[in-house]
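Below is one structure; the comments refer to it alone.
The values are calculated or read from the model by the stated rules, or taken from the named source; none is laboratory data. Note that the coordinates shown come from a computational prediction; the quantities given were computed from them, not determined experimentally. Note that we place each Cβ from the backbone using ideal geometry, even for glycine, and neighbour counts take in every protein chain shown. To get the accessible areas, we keep the full protein, side chains included, count just its heavy atoms, and leave off ligands, DNA and RNA. Shrake-Rupley method; radii C 1.70, N 1.55, O 1.52, S 1.80 Å.
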Number of protein chains: 2
Amino acid sequence: MGDCDVVDMGFETLHDGQTIQFPPAILAQLGNDTDKATVCFYGHVDVQPAKKEDGWKTDPYTLTENNGNLYGRGATDNKGPVLAWIHAIDTYMALKKDIPVNLKFIIEGVEETGSPGLVKLLKEHEKFFSDVDYIVISDNVWLSRKPALTYGTRGNAYFFVEVESGKKDLHSGTFGGIIHESMRDMVYLLASLVDTSGRILIPGIYDDVAPLTEEENKLYNSIDFDMEEHKNNTEVNTFLYNTKEEILQHMWRYPSLSIHGIEGGFSGVGTKTVIPSKVIGKFSIRQVPNMQIPVVEKLVRKHLEDVFAKLNSPNRLKVSLEIGAMPWVAKVDDPQYEAAKRAIRKVFGIEPDLIRDGSTIPLARTFQDLTKKKVMMLPIGGADDGEHSQNEKISRSNYIQGTKIFASFFLELSKLHEDLQTKSNLKNAKIAQLIES
Amino acid sequence: MGDCDVVDMGFETLHDGQTIQFPPAILAQLGNDTDKATVCFYGHVDVQPAKKEDGWKTDPYTLTENNGNLYGRGATDNKGPVLAWIHAIDTYMALKKDIPVNLKFIIEGVEETGSPGLVKLLKEHEKFFSDVDYIVISDNVWLSRKPALTYGTRGNAYFFVEVESGKKDLHSGTFGGIIHESMRDMVYLLASLVDTSGRILIPGIYDDVAPLTEEENKLYNSIDFDMEEHKNNTEVNTFLYNTKEEILQHMWRYPSLSIHGIEGGFSGVGTKTVIPSKVIGKFSIRQVPNMQIPVVEKLVRKHLEDVFAKLNSPNRLKVSLEIGAMPWVAKVDDPQYEAAKRAIRKVFGIEPDLIRDGSTIPLARTFQDLTKKKVMMLPIGGADDGEHSQNEKISRSNYIQGTKIFASFFLELSKLHEDLQTKSNLKNAKIAQLIES
């Protein structure tokens, strides 16, 4: 039917010196009619780690339907949307209808670790993207029960801070009281990062955050966002802020810092009387326009080194940036945003919200920077899908309506593209006329 | 040959409500000559967790000899000493020699989690211990290359501090910036426990520590302790103290606090962009005479609740004491200490050091309190054995010389016991004479 290539995504050198090959990506194509618009769909089939004992009610790797929901790791992030897109195309084919756009696909398997091979792929396969008009990513979720289009995401600077006291773990009975313990240094370092109001304590970190203009501020008032529903989705009692506008801004346009955990300490169930020798604290900063990764890295490193110096510890400190993914903002007057709005109107009978996403799709920014194409994020998952969490799901309804949105989007985009072509042809004809006259 | 009973050690109710049966203990007896002293040997055959990937050079569960050392989990803590004791008895039998003492054994399998079934066992099997004169535990190591006898151990109050922000883990991109994260509260709580000089910051915690008398202080001067060798054994560059006396006192007679790790956060290799919902910090205090567990528990709970209150966090805090094991101190003029000194003199030609151990043998205290018998700790493992650590070992030499010490100890103890009996009989005869006269 179409063309499909399996392409190399490079390899990673692990901390122990071993190298592992990344799973290859798929580049595929269906249709090459030069009169039609060409849409490239990006999706990923790798997932976050999941174990039954983390608190899953069903086996995370067996898709299980219950009460109108489809449960399983990757159900919404991102295998479900990938299948829905394919399903939309399949429907055109089953009905023996002409697909109104040319389709391209890039499906990868290393998104959850920051798509390390993508830049190389985009550079090496420049030709594949040269005739693409629009790029669509469906790797996030709605904000509420209302459909949404996403025009911005935050970046992610993921840090490791390592403290090593010696070569081996020690018995806390035999050696406790005479050792500079690495876990003590670690909790001091991690406690210096963020205050109880959620404010990041790294000096200078807010300097490059784009100021909030009056115009942008107005945008948040009109968003349909139910704080109580959002609390129910998160299963958290209290947020850091009390107003809708503050919540949306702190999810979307202000940076945040989360401490994820510590590797190397005793993390098992029960008790272990160990003094860990080497511990690695893991935290990340969701950075926003106009923060720059190298500046963030420099500020974080300086701050941790300053705090560590005050501890007077003989232990060894190492700070490293493990993921450095940029934030992304799109222009919402791109034709594909208009086409998606029309598609959603057709399927749902309502206007979608124009929203941002607090999480990171490094691809959106990477695609925009490297291919210079227009990128849109068209989510189909629900706000309560629980991506990266236990009991991740996509609702049966979102999956089916999402498939319809995709199918309808192809049609609306082709019409808008045709109009644009006509306008462009008319304009060119007028220019030619003027030149000739 | 002897009698051997397998006895129930009770069960544990896990956090999820499940119950698991503890492995049973073994009570055994060899010889019941009322003219002989009766020595009961305590040992355990359970071990600390160990995985090859923790940094073991050999499979932790396959005893591997290399360069005069026997590597394997439990080699020194405590399977090696248990076997050496049996080996000593076996040697008497192989030589068809009369064993000069009656022997009893208690071997259990839950020591590493604080011997939770032991109190019940000692109460239910009171008769078994009624004719025991001396109890010997060989579950610690020497302080240096010189043989040692141990007359004191620190206790262990092991705490869990749990913070729960909600019912499920959340994506740090989608929710970072609006949530009171449990890991933030956790690092604040853990950072409040101990300062950079190793001093515990829990108010009142030092109030019950026995004051250091002039007499006790002198004791530390005479101990053979090589700080540089100890540094080499720990593979740590710098200790918290600079003098031998301070180091020994802070290992043995002052309390210490170690942070072991955090359960529930992301502790794997690599990156995971998660906001953990429930995290459990694990730390323990090695307490010393005259600190009392209920007092320690009350102070820790109050301190953590006070610190948490200042965080103004809506999250849920829970503090629990998971292990509460008392410290122990023995009288060094017990006959079995004298017998052990003579045995060591015979095998090594030198006087042993009289030392304490910073780690906890809850049994020593429990046996002393419940059986009212004289308890001695007679270690055979070397200072660099690395109990609870990666690459735990016992040297071949220590294993063989230790076996000789045990065999020689039986003989010396029987002689001293005979002298004591004679003295006691003479005394009784004199008293009878006086009464009759």
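Figures for the structure shown
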read-out: Probe 1.4 Å, accessible area per residue of the protein assembly as shown, Å²; value: 43
read-out: In Hz, Karplus ³J(HN,Hα) per residue of region B:390-399 (6.51, -1.76, 1.60; θ = phi - 60°; x = Gly, Pro); value: 5, 6, 4, 8, 10, 6, 4, 5, 4, 4
read-out: Exposure of B:Asp169 as accessible area (Å², to 10), given a probe of 1.4 Å and all protein chains; value: 20
read-out: Relative contact order [Cα under 8 Å, 6+ residues apart], region A:95-205, whole percent; value: 12
read-out: Under 15 Å, Cβ to Cβ, from B:Glu245 - net charge with Lys/Arg +1 and Asp/Glu -1; value: -3
read-out: Gyration tensor (Cα) of the protein assembly as shown, equivalent ellipsoid semi-axes in angstrom; value: 69, 26, 24
read-out: Estimated 222 nm signal from helices in chain B, with DSSP H stretches of n ≥ 4 weighted -39500 (n - 2.57), rounded to 500; value: -11000 deg cm²/dmol
read-out: Whole-Å distance, taken between Cα centres, linking region A:327-376 and region A:295-314; value: 39
read-out: Rounded accessible area of B:Cys4 (nearest 10 Å², 1.4 Å probe); value: 90
read-out: Surface share of carbon and sulfur [accessible, 1.4 angstrom probe, percent] for the protein assembly as shown; value: 51
read-out: Percentage relative contact order, region B:1-113, counting C-alpha pairs under 8 Å, at least six apart; value: 37
read-out: Sum of side-chain charges, A:Thr113 neighbourhood, beta-carbon under 10 Å (Lys, Arg +1; Asp, Glu -1); value: -4
read-out: Gain on full stretching of the segment that runs from B:Met93 to B:Ala309 - 0.36 nm per residue minus C-alpha separation; value: 71.2 nm
read-out: Protein-protein interface of region A:232-250, residues with accessible area decrease of at least 40 Å², isolated chain reference, 1.4 Å probe; value: A:Thr234, A:Glu235, A:Val236, A:Thr238, A:Leu240
read-out: Percentage relative contact order, region A:226-363, counting C-alpha pairs under 8 Å, at least six apart; value: 21
read-out: Charge context of A:Phe348, other residues only, Cβ under 10 angstrom, K/R +1, D/E -1; value: +3
read-out: Distance in nm between pseudo-label sites at B:Asn237 and A:Asn221 (7 Å out along the Cβ direction from Cα); value: 5.9
read-out: Long-range HN-HN contacts of B:Ile275 with modeled amide H, under 5 Å; value: B:Leu170, B:His171, B:Ser172
read-out: Estimated distance in nm for a label pair at B:Lys331 and A:Thr422, the labels positioned 7 Å out from Cα along Cα-to-Cβ; value: 10.9
read-out: Calculated from backbone phi, Karplus (6.51, -1.76, 1.60) coupling profile of region B:330-337 in Hz, x at Gly/Pro; value: 10, 8, 7, 9, 4, x, 6, 5
read-out: Links that overshoot a 23 Å alpha carbon limit, given the list B:Lys341/B:Lys404; A:Lys97/A:Lys393; A:Lys123/A:Lys298; B:Lys57/B:Lys79; value: A:Lys97/A:Lys393; A:Lys123/A:Lys298
read-out: Anchor A:Lys127: lysines whose Cα lies under 17 Å away (excluding residues fewer than 8 positions away in-chain); value: A:Lys104, A:Lys372, A:Lys373, A:Lys374
read-out: Residue mean of other protein chain beta carbons inside 10 Å, B:381-387; value: 2
read-out: Among A:His15, A:His417, A:His44, residue whose mean-square fluctuation peaks in a GNM of chain A (springs only between Cα atoms under 10 Å); value: A:His15
read-out: Region A:209-285-region A:83-107 distance, computed between alpha-carbon centres (Å); value: 37
read-out: Buried solvent-accessible surface, both chains (A, B), 1.4 Å probe, Å² to nearest 100; value: 7300
read-out: Cα gyration tensor shape for region A:257-359, rounded if a/c is under 1.5, else prolate or oblate; value: oblate
read-out: Whether region B:349-424 is rounded, prolate or oblate, judged on the alpha carbon gyration tensor where a/c under 1.5 counts as rounded; value: oblate
read-out: Whole-Å distance, taken between Cα centres, linking region A:167-201 and region A:382-437; value: 51
read-out: Whole-Hz couplings from phi, Karplus 6.51/-1.76/1.60, listed for region B:209-219; x for Gly and Pro; value: 5, 4, x, 7, 7, 4, 4, 5, 4, 4, 3
read-out: Modelled FRET efficiency - R0 51 Å, A:Asp131 with A:Glu214, Cβ distances, 0.05 increments; value: 0.80
read-out: Label-to-label distance, nm, for residues given as A:Lys430 and B:Arg396 (7 Å Cα→Cβ offset); value: 9.7
read-out: Cα gyration tensor, region A:1-101 - rounded (a/c under 1.5), prolate or oblate; value: oblate
read-out: Average silhouette area of chain B, convex hull of alpha-carbon atoms, in square nanometres; value: 26.0
read-out: FRET E, pair B:Glu65, B:Val7, Förster distance 45 Å, beta-carbon r, rounded to 0.05; value: 0.85
